[in-house]
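Chemist: What follows is a structure written as structure tokens; I'll ask about it next.
The values are calculated or read from the model by the stated rules, or taken from the named source; none is laboratory data. Values in this document were obtained by computation on a predicted structure and should not be read as measured data. Because the Cβ atoms are built from the backbone with ideal geometry, glycine has one as well, and the counts that use them run over all protein chains shown.
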Amino acid sequence: MSISVMAVYATTAQAGALEPLIAALSAHPGSRTTTVTTGEHRHRAGRARTGDPGLRAAGWAAPGPRSRPEGAWGAEHDLGLSAGEYDRNTLTAQVFTRFGRLLADQRPDAVLVAGLTTSICAVALTAFNHGVPVLHLEAEPGGQSCSPYPLEADRRLLERVSTVHLVTSAEARGRLVRRGVPQERIMSASAPAPSSARRPAA
């Protein structure tokens with residue numbers, strides 16, 4: 001079974017978290033993984049030369065033909081956003097527009113994200129609005145309220161728009177179940193991509 005996955009990250013931590021999944025997907029016969037950065041941490045690209053593990057894991061400092069242009073912050077696509085340049089509403093609108101265009105052009109079977117930043121939440125919602133399944137790698141523990149703002153609000157939105165929730169521990173699975181996520185939508189991050197994580201046929 002072939003599948004095309006678009007992996008999107010905004011921070012070095014998110015890139016490092018996604019790296020094992022990107023590597024596993026890339027090694028799967030017939031699959032294609034495209035990487036996208038929002039560009040918010042582009043100023044850290046120079047740290048690749050000092051061996052920053054998050055940057056190195058995402059391929060920014062990888063040697064050989066698989067190396068990616070530094071100008072694209074190591075990803076195949078760059079949304080061109082800058083950290084601190086936008087307020088929350090403007091950042092969300094920019095993601096809707098820029099990532100929406102990229103989705104329409106690339107038409108991946110699924111979008112893979114990690115974390116709870118505002119831009120990643122907007123990426124997931126954009127994919128949802130385009131009918132593209134969202135695979136979300138579970139982040140840190142959350143509470144039951146929308147505090148601290150806006151972290152918990154973003155978490156709840158991601159829980160609703162994600163098709164599959166990827167977890168790395170039984171504790172993470174339990175948190176999702178307690179927050180009302182159906183068991184069938186939760187998978188181990190080491191498991192292969194399910195057939196449900198595919199774009200519906202046109």
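Chemist: Within the range 25-40, which residues are in contact (Cβ under 8 Å) with a residue 24 or more places away in the chain and among the small types (Gly, Ala, Ser)?
Modeler: Gly30, Ser31, Gly39
Chemist: Hey, another quick one. Name, by its number, the condition in (1) at pLDDT below 90; (2) out of contact with any Leu (no Cβ under 8 Å at 6 or more places or on another chain) that does not hold for Ala61.
Modeler: Status for Ala61: all satisfied but (2).
Chemist: Turning to a different aspect of this structure: Taking only the range 151-162 into account, find how many residues are surrounded by fewer than 19 Cβ atoms within 10 Å (Cβ to Cβ) and either more than 18 Å from Pro133 (Cα to Cα) or in contact with a helix residue (DSSP H, G or I) (Cβ under 9 Å, 6 or more places away or on another chain) (or both). Walk me through it before giving the result.
Modeler: Residues of the range 151-162 surrounded by fewer than 19 Cβ atoms within 10 Å (Cβ to Cβ): 151-153, 156-157, 159-161.
Remaining after also requiring either more than 18 Å from Pro133 (Cα to Cα) or in contact with a helix residue (DSSP H, G or I) (Cβ under 9 Å, 6 or more places away or on another chain) (or both): 151-153, 157, 159-161.
Count: 7.
Chemist: Out of the residues in the range 104-124 that are among the hydroxyl-bearing types (Ser, Thr, Tyr) and assigned to a helix (DSSP H, G or I), which is farthest from Ile22 (Cα to Cα)?
Modeler: So in the range 104-124, the residues among the hydroxyl-bearing types (Ser, Thr, Tyr) come out as 117-119.
Narrowing the set further to residues that are assigned to a helix (DSSP H, G or I) leaves 118-119.
Details: Thr118: 22, Ser119: 20 Å.
Going through the qualifying residues, I end up with Thr118.
Chemist: Across the range 22-38, what is the number of residues that are assigned to a helix (DSSP H, G or I) and either closer than 21 Å to Phe99 by Cα or β-branched (Val, Ile, Thr) (or both)?
Modeler: Of the residues in the range 22-38, the ones assigned to a helix (DSSP H, G or I) are 22-27.
Imposing the further condition that a residue be either closer than 21 Å to Phe99 by Cα or β-branched (Val, Ile, Thr) (or both) reduces the set to 22.
The total comes to 1.
Chemist: Can you tell me which residue is modelled with the highest pLDDT among those in the range 70-88 that are part of a loop (DSSP other than H, G, I, E, B) and either basic (Lys, Arg) or under 17 Å from Met6 (Cα atoms) (or both)?
Modeler: Initially, the range 70-88 is screened for residues part of a loop (DSSP other than H, G, I, E, B), giving 73-76, 79-87.
From the residues that got through so far, the ones that are either basic (Lys, Arg) or under 17 Å from Met6 (Cα atoms) (or both) too are 73-76, 79-80.
Values: Trp73: 46, Gly74: 66, Ala75: 82, Glu76: 88, Leu79: 93, Gly80: 90.
Across the range 70-88, the extreme among qualifying residues is Leu79.
Chemist: Determine if the range 189-201 includes at least one residue that is over 22 Å from His41 (Cβ atoms), modelled with pLDDT of 95 or more, touching a Ser or Thr at 6+ places or on another chain (Cβ under 8 Å) and surrounded by 19 or more Cβ atoms within 10 Å (Cβ to Cβ). Quick ask: steps written out before the conclusion?
Modeler: Filtering the range 189-201 down to residues over 22 Å from His41 (Cβ atoms) leaves 189-201.
Right, trim to modelled with pLDDT of 95 or more and you get none.
Scanning the range 189-201 turns up no residue that is over 22 Å from His41 (Cβ atoms), modelled with pLDDT of 95 or more, touching a Ser or Thr at 6+ places or on another chain (Cβ under 8 Å) and surrounded by 19 or more Cβ atoms within 10 Å (Cβ to Cβ).
Chemist: What's the number of the condition Leu176 fails, among (1) within 21 Å of Ser2 (Cα to Cα); (2) in contact with a strand residue (DSSP E or B) (Cβ under 8 Å, 6 or more places away or on another chain); (3) part of a helix (DSSP H, G or I)?
Modeler: Looking at each condition in turn, Leu176 falls short on (1).
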